[in-house]
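As structure tokens, the structure follows; a few thoughts come after it.
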Ligand SMILES: *Cc1c(COP(=O)(O)O)cnc(C)c1O
């Protein structure tokens, strides 16, 4: 019988399923311990022992290699609190990569500033330092760097540009837990690092976020921002007294993570290094097996000495690139029984972030400043595999390679 693509009714390459995500580990025990205690929130009354929030903050700062970490309710909150702490305000511009999750642009708009979208480096799919340099104006207040999928942005070049112009870097490391640049952890290289702990991320409490900095002034501001102006007392309070004290220096709002979520993240953090190693080894196998005439892997910068895989990205070329990337993704999904998809479109194509609709004085900024040809080209040929696929065994990896191989051989039969 003639071999047929699964998307056209043929037998799929793989039917055995994929590793689950999230993986709870011993989360149930930790959650039960919080449930039995008298304090479910950071703002609950003092019980005589440290909050899980504080314990998590110390452990995560050590993981990243930064001095401080404050857990918050979402990755977006870590970014927005960071912008507020840096004093970003209406009239300012913040440079953001044109290819990233929408939150990176919407937090800038929430701070009242204009997100200025810049193009990417096709090797890493992260923001192109030359494009950043060209986008700087007297209104630029910060550079929001995103490490996307599995590669870090060029922190040598971006750091030099930021220093030359006296601009702070906010590092969005939501997708780069445990990655390193010349040995320094992603999230520790800018003035501020921000991580998301939403369900799909490699460290998760369902929803959640982590703000990181080594600057005590920024740390103190964000502690008050996340607590409606309150923060932990400097001296141990009497038993049963409020766990936080008023400072009334900055307004903020309630961005606290609950003690349950902090417990989930502490558990996840125990497993993250080992899971990162497994994903890294799997990605190396895929790079070696898939790279060839029709597929281009990501080319990380040599200084990005440790990679962390949120998505394994690979780009179509040659015969495969003649089909729309969605069609190739649907064919791969059908072969493997897992949702495989292209990236989100670049933000200048997003109805909410179309530069013509952004704030910014008379008629908004000139849309020609927002051309993103490289991002559009790369998105049109990029296939993303979500990180749980990299937690399988050799058979799972062999199935991925076989699926690409089958779709490539039978590409002529893909739906138009
Ligand atoms: C997930 C993600 C965010 C947003 O985090 P939330 O926790 O959903 O607010 C921001 N930036 C990047 C790059 C992300 O992947």
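Here are the numbers for this structure:
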read-out: Nearest-ten-degree value, helix 394-409 long axis tilted from longest Cα axis of the chain; value: 50
read-out: Relative contact order computed over the chain (Cα-Cα under 8 Å; 6+ residues apart), in percent; value: 23
read-out: Computed [θ] at 222 nm, helices only, for the chain once each DSSP H run of length n ≥ 4 contributes -39500 (n - 2.57); value: -10500 deg cm²/dmol
read-out: Percentage relative contact order, the stretch 104-237, counting C-alpha pairs under 8 Å, at least six apart; value: 14
read-out: Cα-based helix-to-principal-axis angle, 325-336 vs the chain, degrees rounded to 10; value: 90
read-out: By average C-beta atoms within 10 angstrom, highest first, the peptides 205-216, 261-272; value: 205-216, 261-272
read-out: Ranked list, fewest to most other Cβ atoms within 10 Å of each Cβ, for 296, 326; value: 326, 296
read-out: Angle in degrees between helix 75-85 and the longest Cα principal axis of the chain, rounded to the nearest 10; value: 50
read-out: Highest average packing first - 2-8, 184-190, Cβ atoms within 10 Å; value: 184-190, 2-8
read-out: Inter-centroid distance (Cα atoms) of the stretch 336-354 relative to the stretch 39-56, Å; value: 39
read-out: Exposure proxy ranking, count of Cβ atoms within 10 Å, fewest first, for 177, 68; value: 68, 177
read-out: Alpha carbon centroid spacing (whole Å) that separates the stretch 185-250 from the stretch 62-141; value: 18
read-out: Shape category assigned to the chain from the gyration tensor of Cα positions, a/c cut at 1.5; value: oblate
read-out: Mean Cβ count within 10 Å, highest first, over the residues of peptides 117-128, 298-309; value: 117-128, 298-309
read-out: Order of 49, 69, 329 - criterion: other Cβ atoms within 10 Å of each residue's Cβ, fewest first; value: 49, 329, 69
read-out: Gyration tensor verdict on the stretch 1-145 (Cα atoms; rounded if a/c is under 1.5, prolate if a/b is larger than b/c, oblate otherwise); value: oblate
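Where a number appears in this text, it was derived from the coordinates with a stated rule and is not lab data. Not measured: the values here are computed from a predicted model. So basically every Cβ, Gly included, is an ideal-geometry build from the backbone, and we count neighbours across all protein chains shown.
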